[in-house]
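See below for the structure under consideration.
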Amino acid sequence: MKYHNTHKYDDIIRLPHPVSKRHTPMPLLSRAAQFSPFAALTGHNEAIEETSRLTDSFIELDEDEKIRLNEKLRLIKENIDRKPEIEVTYFQPDERKTGGTYVTICSRVKKIDEYNRRILFMDGKTVRLESLFSIHIHCGT
């Protein structure tokens, strides 16, 4: 097949681009949005990320560890007027899936609420006694 150069658009090739007299030109950002990728599975990537997010299992303490924790809680309660600074590690259940994560905080104790079984801290944080994993009482207490 032979290529023939016919120059059939030579009469309009150098004319200015036509501009509508009725409609304002579309902004470039809006024009670009027409060609942005389409996400047919909205939320799919987030679901995959959530599924792959790892959680820890709750570790049940043995009786010796429970006795040690209770002794430390007793010491804290005896010194509550001094607002002792402690470091606690506790299990925080995950809101979306089974398991959770172990969190460590360091703060001054305001009160040990035995009725509701929790430790109240000066900064407003609370920790349930059932979720305690470890307690370290800082010096000066």
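The values are calculated or read from the model by the stated rules, or taken from the named source; none is laboratory data. Because the structure is a prediction, the values reported are computed rather than measured. Cβ atoms come from the backbone with ideal geometry, glycine included; neighbour counts cover every protein chain shown.
Being in a helix (DSSP H, G or I) and basic (K, R) is the requirement here; does K72 meet it? Spell out the reasoning first.
Numbers: in a helix (DSSP H, G or I): yes; basic (K, R): yes.
Yes, satisfied.
So, S107, is that one of a type in the set (G, A, S), outside any loop (DSSP other than H, G, I, E, B) and exposed (fewer than 11 other Cβ atoms within 10 Å of the Cβ) or not? Please lay out each step first, then the result.
On the way: of a type in the set (G, A, S): yes; outside any loop (DSSP other than H, G, I, E, B): yes; exposed (fewer than 11 other Cβ atoms within 10 Å of the Cβ): no.
It is false that S107 is of a type in the set (G, A, S), outside any loop (DSSP other than H, G, I, E, B) and exposed (fewer than 11 other Cβ atoms within 10 Å of the Cβ).
Condition first: touching a residue at least 40 places away in the same chain (Cβ under 8 Å) and not acidic (D, E). Can you find one or more residues in segment 62-72 that meet it? Write out each step before concluding.
Filtering segment 62-72 down to residues touching a residue at least 40 places away in the same chain (Cβ under 8 Å) leaves 69, 72.
Restricting the remaining residues to those that are not acidic (D, E) gives 69, 72.
The answer is yes; a qualifying residue exists.
Could you look through segment 34-51, keep only residues that are of a type in the set (G, A, S) and at pLDDT below 75, and pick out the one that is surrounded by the most Cβ atoms within 10 Å (Cβ to Cβ)?
Within segment 34-51, the subset of a type in the set (G, A, S) is 36, 39-40, 43, 47.
Filter once more, keeping what is at pLDDT below 75: 36, 39-40.
On the way: S36: 7, A39: 9, A40: 6.
The residue in question is A39.
Would you be able to tell me the number of residues in segment 83-141 that are within 20 Å of D56 (Cα to Cα), over 19 Å from the mean Cα position of the chain (by Cα) and free of Cβ contacts under 8 Å to residues at least 24 places away in the same chain?
Residues flagged as within 20 Å of D56 (Cα to Cα), over 19 Å from the mean Cα position of the chain (by Cα) and free of Cβ contacts under 8 Å to residues at least 24 places away in the same chain within segment 83-141 amount to 1.
So which residues in segment 118-141 are surrounded by 14 or more Cβ atoms within 10 Å (Cβ to Cβ) and touching a Leu at 6+ places or on another chain (Cβ under 8 Å), if there are any at all?
R118, I119, L129, L132, F133, S134, I135, I137, T141
Looking at this structure, is I76 within 17 Å of F121 (Cβ to Cβ) and touching a residue at least 60 places away in the same chain (Cβ under 8 Å)?
Values: within 17 Å of F121 (Cβ to Cβ): yes; touching a residue at least 60 places away in the same chain (Cβ under 8 Å): yes.
Yes; evaluated as a whole, the condition is true for this residue.
Could you list, in sequence order, all residues of segment 118-141 that are over 24 Å from L54 (Cα atoms), part of a strand (DSSP E or B) and among the basic types (K, R)?
Across segment 118-141, the qualifying residue is only R118.
Of Y102, Y115, which residue is assigned to a strand (DSSP E or B) and either loosely packed, with under 15 Cβ neighbours inside 10 Å or not polar (S, T, N, Q) (or both)? Break it down stepwise before answering.
Values: Y115 fails: assigned to a strand (DSSP E or B).
Sole residue among the options that is assigned to a strand (DSSP E or B) and either loosely packed, with under 15 Cβ neighbours inside 10 Å or not polar (S, T, N, Q) (or both): Y102.
Among S30, S20, which is in a loop (DSSP other than H, G, I, E, B), of a type in the set (G, A, S) and either more than 30 Å from V103 (Cα to Cα) or at pLDDT below 80 (or both)? Walk me through it before giving the result.
Numbers: S30 fails: in a loop (DSSP other than H, G, I, E, B).
Every option except S20 fails the conditions.
So which of T55, T51 ends up being in contact (Cβ under 8 Å) with a residue 12 or more places away in the chain, of a type in the set (S, T, Y), within 30 Å of P93 (Cβ to Cβ) and out of contact with any Cys (no Cβ under 7 Å at 6 or more places or on another chain)?
Numbers: T51 fails: in contact (Cβ under 8 Å) with a residue 12 or more places away in the chain.
Step by step, each of T55, T51 is checked, and only T55 is in contact (Cβ under 8 Å) with a residue 12 or more places away in the chain, of a type in the set (S, T, Y), within 30 Å of P93 (Cβ to Cβ) and out of contact with any Cys (no Cβ under 7 Å at 6 or more places or on another chain).
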